[in-house]
Amino acid sequence: MESGRTRTGASSATSRREVHGAAKGRGRRSPLTTWTPRIAVLSALGVATIVVPVLESDSPEVAAAQSAEALTLTDYPTTFEVLSGSLDSVTPTSLLAAVPGAQRTGDTSRSDVRSPLPSCDGQPRYGSSNGAVPESDLCTLWDGTNMLRGDAAVTLAELNANFKAAIGSDLCITDSYRTLAEQRRLAYTKGGLAATPGTSNHGWGLAVDLCTSVTNSSTAMEWLRANGATFGWTNPDWALRGGSGPYEPWHWEYLPGTTELGTDYSD
């Protein structure tokens, strides 16, 4: 391709012979003279290629950006993101270490965290009578046996996760939801120690009884008394020593649920 200049006839043309003759008239250039301009150009390019990146690397911002680009991996944060603290925390907040006290984040949506009972949506179901709640309206706990109303089940599972972190074992439960027939049987066998059939909070799926392995452990009971209410679970006043009912340290109820139904029989 021609250069940007336009040729204008013979006056601007020069033959190879004329060029060669002129070169001979001026004499042959020495090798040093011929390579000096090239060496200068190559030196300048070398400085631009080597020195400039080295100088740029002295900048912390540039170095961090280059490191981030070089170390980027699919689905993982870059070094730059980690060091700059630009990543949003996605650590679940519903299950927290329980030493010395457990905590819950009440503003966190259940859809934003991993549920301690994945098969339970945590929603209460209504429309049934005490002791006649269908299994489809209840949630099975971590032991695969005991069942509670949805909201009571999920909060108890959260409490259990914290309890396990602090004590080293799951919360042991002997009883939870009770049918009307089971309430009648207990009233017959235990007399005044059982609630009137059809009035027990077990019949709503809002109460549990703990194993003696828990109630006989002062460490476990101290932890529960200090942290149970954080999750809505309490040993009601009537069941405390000196309360209006029999002393039952093993009986715990989901207070938001019993308050809602008007079945909180605390003093």
Among (1) assigned to a helix (DSSP H, G or I); (2) touching a residue at least 40 places away in the same chain (Cβ under 8 Å), Thr174 falls short only on (1)
Hey, Glu253 hits all of (1) under 31 Å from the mean Cα position of the chain (by Cα); (2) surrounded by fewer than 20 Cβ atoms within 10 Å (Cβ to Cβ); (3) not in a helix (DSSP H, G or I) but one; which does it fall short on? (2)
Failed condition for Gly228, given (1) of a type in the set (Gly, Ala, Ser); (2) more than 29 Å from the chain's Cα centre (by Cα); (3) surrounded by 16 or more Cβ atoms within 10 Å (Cβ to Cβ), with all others met? (2)
Over the stretch 148-168, the set of residues touching a helix residue (DSSP H, G or I) at 6+ places or on another chain (Cβ under 7 Å) and either more than 11 Å from Gly122 (Cα to Cα) or not assigned by TED's automatic domain parsing to the domain that holds Ala220 (or both) is Glu158, Leu159, Asn162, Phe163, Ala166, Ile167
In the stretch 228-240, the residues that are under 18 Å from Leu141 (Cβ atoms) and assigned to a helix (DSSP H, G or I): Gly228, Phe231
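The values are calculated or read from the model by the stated rules, or taken from the named source; none is laboratory data. All values reported here derive from a predicted model rather than from experimental measurement. FYI the Cβ positions are ideal-geometry reconstructions off the backbone, even for glycines, and counts take in every protein chain you see.
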